[in-house]
1. For region A:63-82, which residues satisfy the criterion of being out of contact with any strand residue (DSSP E or B) (no Cβ under 6 Å at 6 or more places or on another chain) and more than 8 Å from chain B (Cβ to nearest Cβ)?
2. May I ask you to say which residue of B:45, B:25 is surrounded by 12 or more Cβ atoms within 10 Å (Cβ to Cβ), modelled with pLDDT of 90 or more and facing chain A (nearest Cβ under 9 Å)?
3. Looking at (1) outside any loop (DSSP other than H, G, I, E, B); (2) closer than 26 Å to residue A:17 by Cβ, which is the one condition that is false for residue A:62?
4. Within region A:109-117, can one find any residue that is buried (at least 24 other Cβ atoms within 10 Å of the Cβ), within 12 Å of chain B (Cβ to nearest Cβ), touching a residue at least 12 places away in the same chain (Cβ under 8 Å) and assigned to a helix (DSSP H, G or I)?
5. Taking the condition of being in a loop (DSSP other than H, G, I, E, B) and either within 22 Å of residue A:32 (Cα to Cα) or within 18 Å of the chain's Cα centre (by Cα) (or both), how many residues in region A:182-209 meet it?
6. Kindly establish whether residue B:90 is within 21 Å of residue A:70 (Cβ to Cβ) and in contact with a strand residue (DSSP E or B) (Cβ under 6 Å, 6 or more places away or on another chain).
7. Hey, among B:78, B:60, which residue is without any contact (Cβ under 8 Å) to a residue 24 or more places away in the chain, more than 18 Å from residue A:75 (Cβ to Cβ) and more than 9 Å from chain A (Cβ to nearest Cβ)?
8. Is one or more of the residues making up region B:66-85 at pLDDT 90 or above, surrounded by fewer than 17 Cβ atoms within 10 Å (Cβ to Cβ) and within 14 Å of the chain's Cα centre (by Cα)?
């Protein structure tokens, strides 16, 4: 599995060639995933309502995340290392302004330029040493420190990324904190390997802000009792070791809960859940 | 590249450059693309614009726009001025040309409207 990761196949400016870039304008699955991630990232960005802001898109690629920003009425400037991806962005007539650059060298912007910054699936590239002189820790620090200065005070940066190991998460968060950011990691659907998404939600100074909560897929459902229930009822199925009897109501409820935690689409519980169908006559 | 981007860009990622602003701008090819006017955005962004740098850029590019010599609080409410700013910041696109670092003279080419800010390893600060 690990060898499937694009970061392992080459540096980003080489990996995202014309062929790879074309996928980002034609493959509806990729477009759908990227759009959903961007929507969530912008939601976490918490920009003022009904106002159009200037947002920096780090690793903008073919401008899919930018399109979401444009739809919401924001202006954006995008930075990416791949010429082929930026060409696709221009073909798609993205409204934002594009810049070719390496985020590991720092953000080439004046202090306090942006109301916020988003980045979709780009940060993990910085953890690779693609050239002999690359030092991931130094590049990350350079990235975060220059990002901090180009954001307005109190602005947020929301960076979605796919870490390869828990060490990478530590390395990234440490460098962000060292650069002066507060905030931390927001994890959506933590119980599912497939739907799990990580967002590094950073605050550039200003007032102390509350870190938003990750989605778990059970928003709006009743509270789960925090304490275990004890009763004297005799355990009928001792050999099941805490598992409920298959096809029983509790078993079905447990399974539904498990699927909800994975972020899948599950019908709501009702009094009809797990009820037997009437016998046909 | 729009002039709003030029107004934010610096070359301070270069080794030894402290400010790197404003970048000198040269254009071989320009375009004018009309963009929907959004008064709120312009009013919001104006305090963040380095006005002198913008005027210098308009001058360098030889644009036929009259920007008043100095900006004031009252001007920021003036619709006529906001419209001119909108046009200057968002509608003019530099398609081909170059940006020049004011401190080192390093040139960053602009091709197909995209400035190339990639560096050689020896230039990185």
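1. Initially, region A:63-82 is screened for residues out of contact with any strand residue (DSSP E or B) (no Cβ under 6 Å at 6 or more places or on another chain), giving A:63-64, A:67-68, A:70-73, A:80-82.
Across region A:63-82, the qualifying residues are A:63, A:64, A:67, A:68, A:70, A:71, A:72, A:80, A:82.
2. Working: B:25 fails: facing chain A (nearest Cβ under 9 Å).
Of the residues listed, the single one that is surrounded by 12 or more Cβ atoms within 10 Å (Cβ to Cβ), modelled with pLDDT of 90 or more and facing chain A (nearest Cβ under 9 Å) is B:45.
3. Tallying (1) outside any loop (DSSP other than H, G, I, E, B); (2) closer than 26 Å to residue A:17 by Cβ, residue A:62 fails exactly one: (1).
4. No, region A:109-117 contains no residue that is buried (at least 24 other Cβ atoms within 10 Å of the Cβ), within 12 Å of chain B (Cβ to nearest Cβ), touching a residue at least 12 places away in the same chain (Cβ under 8 Å) and assigned to a helix (DSSP H, G or I).
5. Within region A:182-209, the subset in a loop (DSSP other than H, G, I, E, B) is A:189-196, A:204-209.
Those still in the list that are either within 22 Å of residue A:32 (Cα to Cα) or within 18 Å of the chain's Cα centre (by Cα) (or both) too: A:189-196.
The qualifying residues number 8.
6. Details: within 21 Å of residue A:70 (Cβ to Cβ): yes; in contact with a strand residue (DSSP E or B) (Cβ under 6 Å, 6 or more places away or on another chain): yes.
Considered against the rule, which asks whether it is within 21 Å of residue A:70 (Cβ to Cβ) and in contact with a strand residue (DSSP E or B) (Cβ under 6 Å, 6 or more places away or on another chain), residue B:90 comes out as yes.
7. Criteria check complete, one pass: B:78.
8. No, region B:66-85 has no match at all.
The values are calculated or read from the model by the stated rules, or taken from the named source; none is laboratory data. Quick caveat, the model's predicted, so the values are computed rather than measured. So basically every Cβ, Gly included, is an ideal-geometry build from the backbone, and we count neighbours across all protein chains shown.
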